[in-house]
1. Hey, with R₀ at 25 Å, roughly what FRET efficiency would I162 and E112 work out to, going by the Cβ-Cβ distance, to 0.05?
2. How high is the relative contact order of the range 42-177, in percent, counting Cα pairs under 8 Å that sit 6 or more residues apart?
3. Could you work out how far apart the two model spin labels at E170 and D63 are, taking each label as a point 7 Å from the Cα in the direction of the beta carbon, and quote it in nm?
4. Considering only DSSP states other than H, G, I, E and B, which GluC sites (Glu not before Pro) in the range 41-113 qualify as loop sites with at most 10 other Cβ atoms within 10 Å?
5. Tell me whether the range 74-156 comes out rounded, prolate or oblate; compute the Cα gyration tensor, take square roots of the eigenvalues as a ≥ b ≥ c, and use a/c under 1.5 as the rounded threshold.
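Each reported figure results from applying straightforward, stated rules to the coordinates on display, with no laboratory input. Predicted model, so just to flag it, every value in this text is computed and none were measured. Cβ placement follows ideal geometry from the backbone for every residue including glycine, while neighbour counts extend to all protein chains displayed.
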Amino acid sequence: MLEIMSRNKKIILTALALLLVTIVLAYSFYHAPSTLVANVNAAEIAPDELLGMKKIVVSTGVDALQRVKQSHTGSIEHVKDVAIVHYMKEGKILTLWATLYPNETVANTETEKMRVGMQNWGGGWASELKKVTIAEKQVYQTSSDGVTHYFWADHECVFYIIPHNLTQDEISLIIDTIPDEDR
């Protein structure tokens, strides 16, 4: 009888130790120190100007997250902050969604979830989806209704842009400029 109790104690202690290790690993995964931003909001990550176009902050925080969720079918998790920004000048328009995550690993995971979600959604989102190198960054490119969209992870941020009336060279310059690491 004592042998059974001793074995049960070992099992319980092992389970508790595994639970503790899991909690510590999960905490460190989602609360790792930030490499790009410290106490900065998503709107501040977006450059103040792109190609002579001034930044217009459309929405931030909870409101921006709600707007993003309305245009998605999958879950959006672990978000620290979101901003929706427009840049406009002489018929050129760029919409930028900037999303901050706890760390780079989470940002990369959420970017891959978005890629998989688009593939699962089908249509042009899936058939046009490809990974390309632009401005030395790995960027996903897809199309919807004849409009090309781009998204990528950079440090603990995910950026999603929809350019209108911009050349490929201008798009490359924009992707190279985002995030604004000079702030």
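1. According to the calculation, E is roughly 0.80.
2. Computed over the range 42-177, the figure is 23 percent.
3. Modelled inter-label distance: 2.8 nm.
4. Here the GluC sites (Glu not before Pro) that fit, given the DSSP loop and packing criteria, are E90.
5. oblate
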